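One structure is given here, and the rest of the page talks about it.
The values are calculated or read from the model by the stated rules, or taken from the named source; none is laboratory data. What you see is a predicted model, and the numbers here were worked out from it, not measured in a lab. Glycine also receives a Cβ, built like all others from the backbone with ideal geometry; neighbour counts cover every protein chain displayed.
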Amino acid sequence: MNKTIVALSTARGRAAISVVRMSGDNSIEIAKQFFRPFPQKPNLLKLGTLTTSHFDEHAMCVYFVAPHSYTGENTVEFHCHGGTAVAQAVIETCLEHGAVMAQNGEFSKRAFINGKQNLTNAEGIIEMIDAETASAAKAGANLLENKLGKRIVALQDTLLDIVSSCEAALDYPEEDLELPTVETSKQKLTDILCKINELISTATLGKVAKYGIDVAIVGKPNVGKSSLLNALLGVDRAIVSDIQGTTRDTLTESVNYRDIRFNFVDTAGIRESNNEIEIEGIKRARKAADSADVVLHVTDDPTDRSVYPTIRPQVRIYNKSDLFKSEPCCVDSLVVSAKYGDVEIIKETLYEMFSAQDIETSDLLITNERHLSCLKQAKLQLTEAIADCDKTTLDVVANEIKQVWQTLGQITGTDASEDVIDRIYSKFCLGK
Ligand SMILES: Nc1nc2c(ncn2[C@@H]2O[C@H](COP(=O)(O)OP(=O)(O)OP(=O)(O)O)[C@@H](O)[C@H]2O)c(=O)[nH]1
Ligand SMILES: [Mg+2]
């Protein structure tokens, strides 16, 4: 008999209701000791009295019978009044009657062990819980729906087909089996490689969907970088003044635009300086630019053609257009007035630059670093196997294909080691 675990499944603090969940072989027996009348049927919420050692709580109770529950085990949920004290008393009551506190993610880990979800489902749930934009939630929902899992399994099936026909050819050479030619095996492997490459290529957009776009705002002092940050955010966040060198530290703030998160970083104006603090600020500004997805190079001089020295993509912004006597010299730049005008054109330009509109229409994006690194490793192994088709014997190639199968299996968990599983489930919040 396994241990019955208990935890608060809703957020802690003041709220209308709290849900306390118990899962394990004994959970129904435990709940019957202090919740009356206990629901007569599973899957139906019933109102009743939950007797704690401090007070009687009027609560709702529902139970699910294994395997028809989230965890695949017997499960009981109490929907009680919100607030910290009530939920705590309900949890204590469960503990007093034989339950133990759940670890982070233990409910979901049990769901995995009981075959209710695979690892990509679990990672999808984490991404959905963490999502702050619709596109990040959609990426999580796709994982939860097992879209990636299904594609991986299809690739693995084809690999197994190839391996089994290679092995049949090796094991039963005397049988008149239709043997795979090197050419057909190679072609099938190359098709799989193409599909893996396609998946890998979605990771750039996947990163945009999940984390948003990191944008560093750089330029000389006083050109209006902080004013631009405030205008982009629509709030008065950074100090603005006509004194050169106002901003010292980097300042990061995010704003959502059409389902995408923009993470803007305001930075110190870049110039020669003897001031120790300003020098540090400028160092941080350069670092922010070097790690950003894109740099907004701001200038307030319409004759300025300079380019910010970085390998990152950059967009030149001519700010203070209200003061310009003539059109700025470079046409492929954006012209705005952070103080008096509209700066939405900047967000729209960046949105298009990163093809963010494709997120909505994309069926599946790779948003998880673990999946990406497995795919990259599978790509390397497969490339080697394809090259070896011409150089070596069928049994060597068959073994190489099995390795690719295993690497892909790590994505869905068919071949995930214990520590990978633990790492994934520990990212869950308590009660999930
Ligand atoms: N006329 C006009 N003035 C602006 C505009 N944008 C900013 N300013 C003014 O320019 C001055 C400098 O603005 P900031 O936003 O502090 O400039 P900054 O680039 O952050 O400056 P540092 O932090 O010192 O590097 C302030 O007096 C702003 O009011 C604009 O579009 N038009
Ligand atoms: Mg500033």
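Read through the list (1) more than 16 Å from ligand 1 (Cβ to nearest atom); (2) under 30 Å from ASP293 (Cβ atoms), then give the number of the only condition that TYR340 fails.
(1)
Go through region 125-146 and give me each residue that's under 19 Å from ILE411 (Cα atoms), of a type in the set (Gly, Ala, Ser) and surrounded by fewer than 22 Cβ atoms within 10 Å (Cβ to Cβ).
Within region 125-146, just ALA141 meets the criteria.
Could you list, in sequence order, all residues of region 229-249 that are in contact with a strand residue (DSSP E or B) (Cβ under 6 Å, 6 or more places away or on another chain) and either outside any loop (DSSP other than H, G, I, E, B) or surrounded by fewer than 17 Cβ atoms within 10 Å (Cβ to Cβ) (or both)?
Across region 229-249, the qualifying residues are LEU229, LEU232, LEU233, ARG237.
Anything in region 229-248 that is more than 9 Å from ligand 2 (Cβ to nearest atom) and within 29 Å of the chain's Cα centre (by Cα)? List them, or say none.
Scanning region 229-248 gives ASN230, ALA231, LEU232, LEU233, GLY234, VAL235, ARG237.
Select from region 363-409 the residues that are part of a loop (DSSP other than H, G, I, E, B) and in contact with an Asp or Glu (Cβ under 7 Å, 6 or more places away or on another chain) and write down the one among them that is surrounded by the most Cβ atoms within 10 Å (Cβ to Cβ).
Going through region 363-409, the residues part of a loop (DSSP other than H, G, I, E, B) turn out to be 363-368, 392-393.
Okay, now just the ones that are also in contact with an Asp or Glu (Cβ under 7 Å, 6 or more places away or on another chain), so 367-368.
On the way: THR367: 28, ASN368: 24.
The selected residue is THR367.
Results for (1) buried (at least 19 other Cβ atoms within 10 Å of the Cβ); (2) part of a helix (DSSP H, G or I), shown as yes or no for each residue.
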position	(1), (2)
TYR70	yes, no
CYS80	yes, no
GLN88	no, yes
THR93	yes, yes
ASN104	no, no
GLY115	no, no
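Does any residue in region 241-255 that is without any contact (Cβ under 8 Å) to a residue 24 or more places away in the chain come within less than 7 Å, Cβ to Cβ, of a residue that is within 6 Å of ligand 1 (Cβ to nearest atom) six or more places away or on a different chain, and which pairs are these?
Short answer, once both residue conditions are applied: ASP242/ASN222.
What is the number of the single condition among (1) modelled with pLDDT of 95 or more; (2) surrounded by fewer than 19 Cβ atoms within 10 Å (Cβ to Cβ); (3) within 14 Å of ligand 1 (Cβ to nearest atom); (4) assigned to a loop (DSSP other than H, G, I, E, B) that LYS325 does not meet?
Here LYS325 clears every test but (1).
Within region 95-102, identify whether any single residue is of a type outside the set (D, E, K, R), surrounded by fewer than 21 Cβ atoms within 10 Å (Cβ to Cβ) and within 30 Å of the chain's Cα centre (by Cα), and answer yes or no.
Taking every residue of region 95-102 in turn, at least one turns out to be of a type outside the set (D, E, K, R), surrounded by fewer than 21 Cβ atoms within 10 Å (Cβ to Cβ) and within 30 Å of the chain's Cα centre (by Cα).
Looking only at region 249-269, how many residues end up being under 17 Å from LYS320 (Cβ atoms) and either more than 10 Å from ligand 2 (Cβ to nearest atom) or in contact with a Leu (Cβ under 7 Å, 6 or more places away or on another chain) (or both)? Can you show your working first?
Step one: of region 249-269, the residues under 17 Å from LYS320 (Cβ atoms) are 266, 269.
From what is left, the residues that are either more than 10 Å from ligand 2 (Cβ to nearest atom) or in contact with a Leu (Cβ under 7 Å, 6 or more places away or on another chain) (or both) are 266.
So the answer is 1.
Could you pull out the residue among ALA122, ALA154 that is surrounded by fewer than 19 Cβ atoms within 10 Å (Cβ to Cβ) and either on the phi < 0 side of the Ramachandran plot or in contact with a His (Cβ under 8 Å, 6 or more places away or on another chain) (or both)?
Criteria check complete, one pass: ALA154.
Which one is nearest to ligand 2 (Cβ to nearest atom), of the residues in region 209-228 that are closer than 30 Å to LEU372 by Cα and out of contact with any Leu (no Cβ under 9 Å at 6 or more places or on another chain)? Give the steps one after another, and end with the answer.
Taking region 209-228 and keeping what is closer than 30 Å to LEU372 by Cα, we get 209-217.
Checking the rest, the ones that are also out of contact with any Leu (no Cβ under 9 Å at 6 or more places or on another chain) come to 211-212, 214.
Working: TYR211: 25, GLY212: 22, ASP214: 18 Å.
Per the stated criteria, the residue is ASP214.
Looking only at region 322-331, decide whether some residue is within 26 Å of THR299 (Cβ to Cβ) and within 35 Å of the chain's Cα centre (by Cα). Spell out the reasoning first.
Keep residues of region 322-331 that are within 26 Å of THR299 (Cβ to Cβ), which gives 322-331.
Going one step further and asking which of them are within 35 Å of the chain's Cα centre (by Cα), we end up with none.
No, because not a single residue in region 322-331 is within 26 Å of THR299 (Cβ to Cβ) and within 35 Å of the chain's Cα centre (by Cα).
Go through the residues of region 262-270 one by one and say whether even a single one is outside any helix (DSSP H, G or I), away from ligand 1 (no atom under 16 Å from the Cβ) and either β-branched (Val, Ile, Thr) or assigned by TED's automatic domain parsing to the domain that holds VAL307 (or both). Before the answer, list the steps.
Start the filter on region 262-270 by keeping residues that are outside any helix (DSSP H, G or I), which leaves 262-270.
If we keep only those that are away from ligand 1 (no atom under 16 Å from the Cβ) as well, we get 262-263.
Subsequent filtering for residues that are either β-branched (Val, Ile, Thr) or assigned by TED's automatic domain parsing to the domain that holds VAL307 (or both) retains 262-263.
Checking region 262-270: at least one residue is outside any helix (DSSP H, G or I), away from ligand 1 (no atom under 16 Å from the Cβ) and either β-branched (Val, Ile, Thr) or assigned by TED's automatic domain parsing to the domain that holds VAL307 (or both).
Any idea which of (1) farther than 28 Å from LYS210 by Cβ; (2) surrounded by 17 or more Cβ atoms within 10 Å (Cβ to Cβ) is the one VAL298 doesn't satisfy?
Status for VAL298: all satisfied but (1).
Being without any contact (Cβ under 8 Å) to a residue 40 or more places away in the chain and either under 19 Å from PHE38 (Cβ atoms) or among the hydrophobic types (A, V, I, L, M, F, W, C) (or both) is true for just one of ALA85, ALA111, ALA122, ALA102. Which residue is that? Give the steps one after another, and end with the answer.
Numbers: ALA111 fails: without any contact (Cβ under 8 Å) to a residue 40 or more places away in the chain; ALA122 fails: without any contact (Cβ under 8 Å) to a residue 40 or more places away in the chain; ALA102 fails: without any contact (Cβ under 8 Å) to a residue 40 or more places away in the chain.
Being without any contact (Cβ under 8 Å) to a residue 40 or more places away in the chain and either under 19 Å from PHE38 (Cβ atoms) or among the hydrophobic types (A, V, I, L, M, F, W, C) (or both) holds for just one of ALA85, ALA111, ALA122, ALA102, which is ALA85.
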